Amino acid sequence: MKDIHNNADVQAQIIEAFSSRHATKVFDAERKIPDSDFNTILETARLSPSSFGFEPWPVAPSSLISPPEPVAAPGNGDIAVGWL
């Protein structure tokens, strides 16, 4: 494994990645994630640590799941998006 403890560039990339995250508010059903990006996402999920040391996790992507439909939020009239 490559020693990254003294690699300022890698450390800066990690900080930037964690600083720029956001919650998705709108889904575009026509937009497709490139396979290389999707495989990277799956691999990072598979290697994510657990408190019990169960990693690597078994990850089974499903192309059968469609984007969630907007649903009416209770009370304030806003629109919420999620799987019900």
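The values are calculated or read from the model by the stated rules, or taken from the named source; none is laboratory data. None of the values given here were measured: they were computed from a predicted structure. Note: ideal-geometry Cβ built from the backbone for every residue, glycine included; neighbour counts use all protein chains shown.
Annotation: LEU84 fulfils all but one of (1) out of contact with any strand residue (DSSP E or B) (no Cβ under 8 Å at 6 or more places or on another chain); (2) loosely packed, with under 10 Cβ neighbours inside 10 Å; (3) of a type in the set (A, V, I, L, M); (4) at pLDDT below 80; the unmet one is (1).
So which residues in the range 35-50 are acidic (Asp, Glu), exposed (fewer than 12 other Cβ atoms within 10 Å of the Cβ) and either under 9 Å from the mean Cα position of the chain (by Cα) or closer than 17 Å to ALA17 by Cα (or both), if there are any at all?
Step one: list which residues in the range 35-50 are acidic (Asp, Glu), which gives 35, 37, 43.
Applying the additional criterion that residues be exposed (fewer than 12 other Cβ atoms within 10 Å of the Cβ) yields 35, 37.
Result: ASP37, single match.
Taking into account only those residues within the range 7-34 that are in a helix (DSSP H, G or I) and among the polar types (S, T, N, Q), which is surrounded by the fewest Cβ atoms within 10 Å (Cβ to Cβ)? Here the answer is SER19.
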